[in-house]
Structure formats: C-alpha cells, structure tokens
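The structure appears right after this line, and notes come after that.
Please treat every number below as a calculation from the coordinates, not as lab data. Remember, it's a predicted structure, so these values are computed and weren't measured experimentally. Cβ sites come from the backbone with ideal geometry, for glycine too, and all protein chains shown count toward neighbours.
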Amino acid sequence: MTTPLFGGIEAGGTKFVCAVGAGPDDIRAETRFPTTTPTETIGQALEFFRAQAHAGLTAIGIASFGPADVNLASSTYGFITSTPKPGWASTDLVGPFRREFNTPVGFDTDVNGAAFGEHRWGAVQGLDTFIYLTIGTGIGGGGLVNDKLMHGLVHPEMGHIRLPHDWAADPFPGVCPFHGDCLEGLASGPALEKRWGGRAETFGGDHPAWKLEAHYLALALASFICTLSPQRILLGGGVMEQNQLWPLVRNKVKTVLNGYVQAPQILETIETYIVPPGLGARAGILGAIALAQEAVETTRSA
C-alpha cells in the first residue's frame, strides 16, 4: 500500500522551510530559502512542490508567521494580515497552493502548527490541553484546549501580553513596535541584544541577563497557567537553547504562583512540566505536515 505524502511549509519571517513526507521518520525531500518578497518566496515554494508533484501530494499544510487569518469562514482565510514585516501585509498564502495543486491546504500560525506537530509526534502526545511558546526573534504562543487548536476572535498572541514592569530595576523600554514593553518587547532575542548591547549567545551563564529573562518568562507562564490551565508547557526557540535558563524559569514560576495552583506537576515535578519540544527544531515543519494531514481528515468529515 502506497504511503500518502503531504507537503509542509514552515513560513517564517526569516526563512521558509518546505518538505514532502508523512512524518518524522519519513521526509522525502526538503529545502529552505530566505523570506524575501511574497512573489519571490511563494514562487520558490511553488517551484519546489511542482518538482515533487510526481510523488502525488495528498494535501499541503502551511504554518505561518502572522498575524494571520485562520477563520475558515472568512473571505481572507489563509492571508497574512497586519504583520510588521515589510511587503507581507494582506498576502494570500493559501490561495496560490490551492490553485496550483487542487488539494486541501491546512493553514495556521507557525506556533499553532508546531504545537500540533508536538501533539501528533512529540512531547505532548496524549494530552488535550497544553501550550507551546517560542522565544526567539519574536515570541509567539499556541496550543490545544480540549483537543482543539486555539482559535477564536483571531488566534493567540501570547507574545504581546503586558507584564508587570519595574522601571527602576529595568529601565529598558522594550522593542515591540506596537506595545513597547510587552512580553516580546522585553524578553525576545532582539530585546536581549538591545538591552545588553551584544548577542545573547555570547553572554556567560552568570550574566544578569538570564535572571531577568527568567523573571519575565515566569511572569508570563504563571499568567498562562492561571488562565488556560495547561497540562504541560513547551518552550522552544533560540533563546531557550541557553541551558542555564531552564532551572531559573522553573523556580521562578513556582515563586510567582506561590503555592496557589495545587498541582503536583508544578509543586513536585516541574522539570517534566515546563520542557523543550520533543521534536526540537523540526517541530515547525513537522507541524505543517500535521496540518496537511488534518486538512484531509477535515475534508473527509465535512
């Protein structure tokens, strides 16, 4: 029996990753290229899948940077909307692939996509309510609640929640062009670089940047724990490659919650509650393939 193959696009603000396969152990082809203009970048993705079309693509999934329109009933479903990335606002991502390949196209945010991949193959298999945050060039969040990807008015924008900001202890105004000192503005990779005047990966393990970073991340996680009650929290992205951050974040979360949430996962085994993604850096592209598979399942049940 022939294994159905799916296309996946991890559409990032810096680079696109495209792949064809059926899961973590079955990737048949893959490419990556810089995110330039919509015409050039989407054109490169289309060309890649044209070259792979002989394999027979069952569906394509796109996990995209945003903000994006993920409402299936919307006339602009599949569009990137109000992104600050120059030239990409109001860009139709789904349409060109639907027209070219006449297959179902799954679409969601990059972080929801990564969360969905982790649910299918990674560190949150068997759980129905969890969150995934990526802390890197930006901060984004997504996940599942009651076994459904988080949608609603638009989609989660967890990186833009406001945090208590002690201006005397940290006079840094933040880097977010919309909100200044939101979570992304205070704790993203660019915020670290601008506040401390250097690349974060060059800081030593005892640099004061990490204690402050853990403080802001813990404030955010405590808010998400209280509002969404996730069964597990995944933290990905380049900033979380700093191993010294993990114990700082976990301990600070317990301090901020101050015993209020009486769950053994937090009180006793927080090391297995706040964890890295099981798929590592592959979560995004595998999540896109999972979205393609879900698009087929949704079409069949409609």
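Here are the numbers for the structure shown:
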| item | result |
| --- | --- |
| Likely footprinting exposure, TYR132, TYR273, TYR77, fewest C-beta neighbours within 10 Å first | TYR77, TYR273, TYR132 |
| Taking segment 123-276 and dividing mean pair separation by its residue count, relative contact order in percent (alpha carbons under 8 Å, at least six apart) | 25 |
| Anisotropy class of segment 1-131 from Cα gyration tensor, a/c 1.5 cut | oblate |
| Order by protection proxy (mean Cβ within 10 Å, highest first), peptides 212-218, 264-270 | 212-218, 264-270 |
| Segment THR269-GLU100, extension gain: residue separation times 0.36 nm, minus the distance between their alpha carbons | 55.9 nm |
| Where Cα atoms sit under 21 Å apart: lysine pairs in the chain separated by 8 or more or lying on different chains | 5 |
| Relative contact order (%) - the chain, alpha-carbon pairs under 8 angstrom, separation at least six | 22 |
| Rounded Å value of the spacing that divides the Cα centres of segment 70-140 and segment 52-66 | 13 |
| J(HN,Hα) series, segment 259-265, from Karplus relation 6.51 cos²θ - 1.76 cosθ + 1.60, nearest Hz, glycine and proline x | x, 5, 8, 8, 10, x, 4 |
| LYS148, LYS15 arranged by Cβ crowding within 10 Å, fewest neighbours leading | LYS148, LYS15 |
| Mean projected area (nm²) of the alpha-carbon convex hull when segment 123-276 is viewed from all directions | 9.1 |
| Nonlocal amide H pairs with GLY61, under 5 Å, H built at 1.01 Å | GLY7, GLY8, ILE9, GLY106, ALA292 |
| Spatial separation of Cα centroids for segment 228-242 and segment 167-194, in angstrom | 19 |
| Length released on extending from ASN71 to ALA168, taking residue separation times 0.36 nm less the Cα-Cα span | 30.7 nm |
| Approximate spin-label separation THR298-HIS54, in nm, with each point projected 7 Å along Cα-to-Cβ | 3.2 |
| Cα shape, segment 208-280, gyration tensor, a/c 1.5 rule | oblate |
| Nitroxide proxy distance, nm - points 7 Å out along Cα→Cβ at SER223 and ALA89 | 2.5 |
| Residue-wise HN-Hα coupling along segment 140-148, computed from phi with Karplus coefficients 6.51, -1.76, 1.60 (Hz; x: Gly, Pro) | x, x, x, x, 10, 10, 6, 6, 10 |
| Residues with amide H under 5 Å from that of ILE135, placed H, sequence gap 5 or more | GLY236, GLY237, GLY238, VAL239, MET240 |
| Length released on extending from GLU47 to THR81, taking residue separation times 0.36 nm less the Cα-Cα span | 9.8 nm |
| Cα shape, segment 67-165, gyration tensor, a/c 1.5 rule | oblate |
| Integer Hz, Karplus 6.51/-1.76/1.60 couplings in order for segment 203-219, x for Gly and Pro | 6, x, x, 9, 5, x, 4, 6, 5, 5, 4, 4, 4, 5, 5, 5, 4 |
| Under-5 Å amide H pairs with ARG232, H placed in peptide plane, nonlocal only | ILE131 |
| The chain, helix-only ellipticity at 222 nm - DSSP H runs n ≥ 4, -39,500 (n - 2.57), divided by all residues, nearest 500 | -10500 deg cm²/dmol |
| Inter-label distance for ALA29 and LYS194, nm, one decimal - labels placed 7 Å from Cα along Cα-to-Cβ | 4.1 |
| Footprinting exposure proxy for ILE131, ILE80 (fewest neighbouring C-beta atoms within 10 Å first) | ILE80, ILE131 |
